[in-house]
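Enquirer: The structure is given below, and queries will be raised subsequently.
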Amino acid sequence: MRVMHAHLRRLFGALVLAAMVAGCASTKSQPPLNIVLLYADDWRHDTLGCAGNPVVKTPRLDALAADGVRFTRNSVTTAICGVSRASLLTGQWMSRHGNRGFAMFATPWSETFPAQLRAHGYWIGHVGKWHNGKFPAEQYDSPASALANGTHWIEQPGITEPGGTRIHVTRKNERDAIDFLRARPSERPFCLTVAFFATHAEDGNKAQYLPQPESMSLYRDVAIPVPATATDSAFRALPPFLATDRNEGRNRWKWRFDTPERYQESMKNYYRLATEVDATCGRVLDELARQGVLDRTLVIFTTDNGYFHGEHGLADKWYPYEESIRVPLIVRDPRMGATTHGTTCDARTLNVDLAPTILAAAGIAPPAGMQGRDIAPLYLGAQHPAWRSEFFYEHPMLTSRDFIPASEAIVSDDGIRQWKYILWPDWAGEPRSEQLFDLARDPREEHDLAVDPAHAAKLEEMRAALARLRAEAR
């Protein structure tokens, strides 16, 4: 009798699992798509060869773009690691999910895209960086040991590497990702997020960027072009509360870019880290192909925020300028027609769009609280759907208004030109607490039009639009 009961329990469990898996299929005739999210750190929109960067070598991601679609105007709604990752998981602006730094967000876990997928039968994995409080290991099918800390080199006894027990963070990300793919149950659809630490700087290390030894020959004989706005005059042209040594973006500029020699060293090592991530992305794709599931897998490559390479005399991210908020987005979707491969899309997509996009690919309706939109109709439909022409950006104050002041912005296409309005609320009433840029004519954001009486009407229009979008983000 006990044997019979055990048999019935196994049979019942198998039937429940089969029902869950069947329930997440987008159609009755097709199996559900697997999902792999390749999520790099501190890559801006042009840290890709296929995006026109003449220096960085990213052959595997370039090939991914050639087999999919690349979104050229993709942005984040908050340009900082923890908040952006919370927006990725929840499909929500910071104003709604409540993570204003690196803590766990307030949105119920059940409303995140991993939780929704898991509830519908997916095998869920996350390897690499987390940055949203304590990692909820019990909510994933991959072990918490897959997480890596905030250094480029990690001491991990038991790991066999040529250098002993030290392993590079990108190499660890790769090993953990491959381990997940090889250990997963073959009968379950799966979703894996590979959250790289690179190219994030190791902030407590004088060298900042520490690639693997075998990468040091890369870019050795290349002179990295210095951005046109990486000048002292561009820094002094910032609002006076930013053009100060109290500004953390300026502090980090001194760590990385304050001399021509340091600029070259930092950027070469930054690009070496990027090329290492590119190679790992390729090996993950190769493993999917080896297992015969690549053509049943939605693959997405993106990053958590952009990055200043010295523009405006700054380093890092946070502020609402283009280098900081625009990030790459590549999608390879098995549902795409052949004519879509290798194309680009200039719709204004956002990081909050990825959660509902992933759920829609699995045939799951998004929770009511998700604020992003499924982007698949932009590349699957015969005609593009009506799409957003504006979006709201927000960033909290960190430490003090001198260190990293709060900022809000709206980026808007009015049908003729592209505009950006920036508000620095911590400095309201002070000179230059508002900024206005005509992005079509001034893509490097060098000419602030907020003080120009000829643009008073546009300034008032953008103020009203910012207030409206701020309310909608809550």
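Quick grid of which residues meet (1) in the same structural domain as ALA237 (by TED's automatic domain parsing); (2) among the hydrophobic types (A, V, I, L, M, F, W, C); (3) under 24 Å from the mean Cα position of the chain (by Cα):
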position: ARG401; (1), (2), (3): no, no, no
position: ILE404; (1), (2), (3): no, yes, yes
position: ILE410; (1), (2), (3): no, yes, yes
position: ASP413; (1), (2), (3): no, no, yes
position: ILE416; (1), (2), (3): no, yes, no
position: GLU430; (1), (2), (3): no, no, no
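Enquirer: Just the residues that are buried (at least 22 other Cβ atoms within 10 Å of the Cβ) and either under 16 Å from the mean Cα position of the chain (by Cα) or in a helix (DSSP H, G or I) (or both), please, taken from the range 50-72.
Expert: Scanning the range 50-72 gives LEU61, LEU64, ALA65, ARG70, PHE71.
Enquirer: Would you mind finding the one in HIS120, HIS126, HIS131 that is at pLDDT below 90, closer than 28 Å to ALA365 by Cα and not polar (S, T, N, Q)?
Expert: Numbers: HIS120 fails: at pLDDT below 90; HIS126 fails: at pLDDT below 90.
None of the others qualify; the one that does is HIS131.
Enquirer: In addition: Looking at the range 284-313 only, could you name the residues that are over 25 Å from THR349 (Cβ atoms) and either out of contact with any helix residue (DSSP H, G or I) (no Cβ under 6 Å at 6 or more places or on another chain) or assigned to a loop (DSSP other than H, G, I, E, B) (or both)?
Expert: The answer is ASP286, ALA289, ARG290, GLN291, GLY292, VAL293, GLY310.
Enquirer: Restricting attention to the range 167-199, which residues are in a loop (DSSP other than H, G, I, E, B), among the small types (Gly, Ala, Ser) and either under 18 Å from TRP130 (Cβ atoms) or not assigned by TED's automatic domain parsing to the domain that holds HIS126 (or both)? Before the answer, list the steps.
Expert: From the range 167-199, those in a loop (DSSP other than H, G, I, E, B) are 184-189, 196-199; that's our starting set.
Restricting the remaining residues to those that are among the small types (Gly, Ala, Ser) gives 186, 198.
ALA198, the sole residue that qualifies.
Enquirer: Does VAL277 satisfy the criteria of being part of a strand (DSSP E or B), in the same structural domain as LEU64 (by TED's automatic domain parsing) and in contact (Cβ under 8 Å) with a residue 60 or more places away in the chain?
Expert: Working: part of a strand (DSSP E or B): no; in the same structural domain as LEU64 (by TED's automatic domain parsing): yes; in contact (Cβ under 8 Å) with a residue 60 or more places away in the chain: yes.
Taking the combined requirement at face value, the residue does not satisfy it.
Enquirer: For the range 200-216, enumerate the residues that are assigned to a loop (DSSP other than H, G, I, E, B) and surrounded by fewer than 12 Cβ atoms within 10 Å (Cβ to Cβ).
Expert: Filtering the range 200-216 for residues assigned to a loop (DSSP other than H, G, I, E, B) gives 200-212, 216.
Scanning the range 200-216 gives ASP203, GLY204, LYS206.
Enquirer: Kindly establish whether PRO189 is over 14 Å from VAL127 (Cα atoms), in contact with a Cys (Cβ under 7 Å, 6 or more places away or on another chain) and at pLDDT 95 or above.
Expert: Values: over 14 Å from VAL127 (Cα atoms): yes; in contact with a Cys (Cβ under 7 Å, 6 or more places away or on another chain): yes; at pLDDT 95 or above: yes.
Considered against the rule, which asks whether it is over 14 Å from VAL127 (Cα atoms), in contact with a Cys (Cβ under 7 Å, 6 or more places away or on another chain) and at pLDDT 95 or above, PRO189 comes out as yes.
Enquirer: Run THR193 past the list (1) closer than 18 Å to THR47 by Cβ; (2) within 24 Å of the chain's Cα centre (by Cα); (3) of a type in the set (Ser, Thr, Tyr) and report the number of the one that doesn't hold.
Expert: All conditions are met except number (1).
Enquirer: Answer with yes or no whether HIS131 is within 28 Å of TRP253 (Cα to Cα), surrounded by 15 or more Cβ atoms within 10 Å (Cβ to Cβ), of a type outside the set (Gly, Ala, Ser) and touching a Gly at 6+ places or on another chain (Cβ under 6 Å). Write out each step before concluding.
Expert: Working: within 28 Å of TRP253 (Cα to Cα): yes; surrounded by 15 or more Cβ atoms within 10 Å (Cβ to Cβ): yes; of a type outside the set (Gly, Ala, Ser): yes; touching a Gly at 6+ places or on another chain (Cβ under 6 Å): yes.
In short, yes.
Enquirer: Go through the range 444-463 and give me each residue that's surrounded by 12 or more Cβ atoms within 10 Å (Cβ to Cβ) and among the aliphatic types (A, V, I, L, M). Write out each step before concluding.
Expert: So the first thing to find is which residues in the range 444-463 are surrounded by 12 or more Cβ atoms within 10 Å (Cβ to Cβ), and the list is 444-452, 455-456, 458-459, 461-463.
Residues satisfying the conditions are LEU449, ALA450, VAL451, ALA456, LEU459, MET462.
Enquirer: Taking the range 80-113, which residues are hydrophobic (A, V, I, L, M, F, W, C) and either modelled with pLDDT under 95 or outside any helix (DSSP H, G or I) (or both)? Show your work before the answer.
Expert: Looking only at the range 80-113, we keep the residues that are hydrophobic (A, V, I, L, M, F, W, C), and these are 80-81, 83, 86, 88-89, 93-94, 102-106, 109, 113.
Residues satisfying the conditions are ILE80, CYS81, TRP93, PHE102, ALA103, MET104, PHE105, ALA106.
Enquirer: Scan the range 217-267 for residues that are in a helix (DSSP H, G or I), in contact with a helix residue (DSSP H, G or I) (Cβ under 8 Å, 6 or more places away or on another chain) and polar (S, T, N, Q) and jot them down.
Expert: Correct list: SER266 only.
Enquirer: Let me confirm something: among THR165, THR170, which residue is of a type in the set (Val, Ile, Thr) and within 21 Å of the chain's Cα centre (by Cα)? I'd like the intermediate steps shown before the answer.
Expert: Values: THR165 fails: within 21 Å of the chain's Cα centre (by Cα).
Being of a type in the set (Val, Ile, Thr) and within 21 Å of the chain's Cα centre (by Cα) holds for just one of THR165, THR170, which is THR170.
Enquirer: Still on this model: So is ARG441 among the basic types (Lys, Arg), outside the structural domain of ARG326 (by TED's automatic domain parsing) and either free of Cβ contacts under 8 Å to residues at least 24 places away in the same chain or exposed (fewer than 14 other Cβ atoms within 10 Å of the Cβ) (or both) or not? Break it down into steps so the answer makes sense when it comes.
Expert: Working: among the basic types (Lys, Arg): yes; outside the structural domain of ARG326 (by TED's automatic domain parsing): yes; either free of Cβ contacts under 8 Å to residues at least 24 places away in the same chain or exposed (fewer than 14 other Cβ atoms within 10 Å of the Cβ) (or both): yes.
For ARG441, the condition - among the basic types (Lys, Arg), outside the structural domain of ARG326 (by TED's automatic domain parsing) and either free of Cβ contacts under 8 Å to residues at least 24 places away in the same chain or exposed (fewer than 14 other Cβ atoms within 10 Å of the Cβ) (or both) - is met.
Enquirer: Quick test for you: out of ARG296, ARG290, pick the one residue that is assigned by TED's automatic domain parsing to the domain that holds GLN212, free of Cβ contacts under 8 Å to residues at least 60 places away in the same chain and not β-branched (Val, Ile, Thr). Write out each step before concluding.
Expert: On the way: ARG296 fails: free of Cβ contacts under 8 Å to residues at least 60 places away in the same chain.
Going through ARG296, ARG290 in turn, the sole match is ARG290.
Enquirer: What's the number of the only condition in (1) over 28 Å from LEU439 (Cβ atoms); (2) among the β-branched types (Val, Ile, Thr); (3) crowded, with 22+ Cβ neighbours inside 10 Å that THR357 fails to meet?
Expert: It fails just one condition, (1).
Enquirer: Moving on. Output the number of residues of the range 416-437 satisfying the condition of being assigned to a strand (DSSP E or B) and hydrophobic (A, V, I, L, M, F, W, C). Break it down stepwise before answering.
Expert: Taking the range 416-437 and keeping what is assigned to a strand (DSSP E or B), we get 418-423, 434-437.
Going one step further and asking which of them are hydrophobic (A, V, I, L, M, F, W, C), we end up with 419, 422-423, 436-437.
The total comes to 5.
The values are calculated or read from the model by the stated rules, or taken from the named source; none is laboratory data. Keep in mind that this is a model prediction, so the values were computed, not measured. Virtual Cβ from ideal backbone geometry, glycine too; neighbours counted across all protein chains shown.
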